[in-house]
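Encoded as structure tokens, the structure appears first; notes follow it.
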């Protein structure tokens, strides 16, 4: 076999491998920068709200455009770190506008920490599902529902620190 | 005898308090309550009261603001409501319930910019001192209170059933309520809930 052909063959093989490796890292870093947020209707959230086991659920309703929601997020992150070993699950339900997530939710998530799992609730008939979260909820956000088994606490306002959040977790745990 | 006098005096004093606060309701109005009038300054510098509208058959009072995306999403629909129903005797009056010192985007200057930019056809007034919205019991923006000509509350809640997709609205709560009032019929759905921004108050 001619040497030139061999050299070209080896070169193209190495180049292909190099490109595959580059592509792999681009895909990986892309996945890391863009967290995919599941978009759900209320029935999917209702499944979470109906959980009856030994896990404490903290379900927070928020949006990137809601100033008090954003201000209390670090307190939830802090509280989640404190209870990291325990059976506590944070579900952060975003009410951001589904058509504008690329301008609002995704850029915000790329720069900020959230505890647990973020889901986007896209269910227009809010008048039907708001009372199913809690009868005292009139629709303003932020609000947080805490529950474990049959024990439930609904907090109709924002939190001022992680300590307050941990106190409610403790309350439903007992 | 002296004690009896003080007890009776005390009771009368307490009863007297109630006499002077007929519209004082810590949790806000329910459908059927009589709503308070107000005197609030609008973006045009004029002051607005319900009493100014001598020929009104009712009022569509909407607590709304500049910054809340849900309120913004409804702006076109609020303009349409006013354009349709003000000529029929049911004007829209938009009230901004927020404290501008807590939410600077909701100050009077910004209200004027918004009103001019969108071409609001209705009064857009500021609840200066935040004394009106607690009496109504508004808890979010937007939040609608429909009153009849005598200021009795006929409907409380959302404008329609789809904030994000105007083209997919199935139920227009406010329009349905006004059409019932026009026909002298009972409003079928008098109370609804919706997602909105909380009202900004100093903490």
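The values are calculated or read from the model by the stated rules, or taken from the named source; none is laboratory data. Everything numeric in this text was worked out from a predicted model, so none of it was measured. Positions of Cβ are generated from backbone atoms using ideal geometry, with glycine treated the same way; all protein chains shown enter the neighbour counts.
All conditions but one from (1) within 10 Å of another protein chain (Cβ to nearest Cβ); (2) part of a helix (DSSP H, G or I); (3) more than 20 Å from residue A:50 (Cα to Cα) apply to residue A:127; the one that does not is (3).
This table checks each residue for (1) crowded, with 24+ Cβ neighbours inside 10 Å; (2) at pLDDT below 95; (3) not in a loop (DSSP other than H, G, I, E, B).
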site	(1), (2), (3)
B:38	no, no, no
B:51	no, no, yes
B:56	no, no, no
B:67	no, yes, no
B:76	no, no, yes
B:84	no, no, yes
B:94	yes, no, yes
B:101	no, yes, no
B:105	no, yes, yes
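Reported count of residues in segment A:134-150, each being touching a helix residue (DSSP H, G or I) at 6+ places or on another chain (Cβ under 8 Å) and either more than 10 Å from chain B (Cβ to nearest Cβ) or farther than 23 Å from residue B:68 by Cα (or both), is 5.
In the set (1) away from chain B (no Cβ under 14 Å); (2) touching a residue at least 24 places away in the same chain (Cβ under 8 Å); (3) more than 22 Å from residue A:40 (Cβ to Cβ), the condition left unmet by residue A:170 is number (2). If only residues of segment B:152-203 that are surrounded by fewer than 17 Cβ atoms within 10 Å (Cβ to Cβ) and under 15 Å from the mean Cα position of the chain (by Cα) are counted, the one that is farthest from the other protein chains (Cβ to nearest Cβ) is B:152. Candidates in segment B:112-143 are the residues that are in contact with a helix residue (DSSP H, G or I) (Cβ under 6 Å, 6 or more places away or on another chain) and crowded, with 19+ Cβ neighbours inside 10 Å; of these, the one that is farthest from the other protein chains (Cβ to nearest Cβ) is B:122.
Going through (1) modelled with pLDDT of 95 or more; (2) within 14 Å of chain A (Cβ to nearest Cβ) one by one, residue B:34 falls short only on (2).
Checking each residue in segment A:90-104 for being crowded, with 17+ Cβ neighbours inside 10 Å and more than 12 Å from chain B (Cβ to nearest Cβ) picks out A:90, A:91, A:92.
Every residue in segment A:107-131 that is over 18 Å from residue A:46 (Cα atoms) and surrounded by 17 or more Cβ atoms within 10 Å (Cβ to Cβ), please. Listed by number, the residues that qualify are A:108, A:109, A:114, A:115. Of the residues making up segment B:113-137, those that are farther than 18 Å from residue B:46 by Cα and over 15 Å from the mean Cα position of the chain (by Cα) are B:117, B:118. Confirm whether residue A:65 is modelled with pLDDT under 95 and within 14 Å of another protein chain (Cβ to nearest Cβ). It is true that residue A:65 is modelled with pLDDT under 95 and within 14 Å of another protein chain (Cβ to nearest Cβ).
One residue stands out among those in segment A:131-152 that are in a strand (DSSP E or B) and touching a strand residue (DSSP E or B) at 6+ places or on another chain (Cβ under 6 Å): the one that is farthest from residue A:60 (Cα to Cα), which is A:148. Scanning segment B:78-99 for residues that are within 14 Å of chain A (Cβ to nearest Cβ) and out of contact with any strand residue (DSSP E or B) (no Cβ under 8 Å at 6 or more places or on another chain) yields a single hit, B:99.
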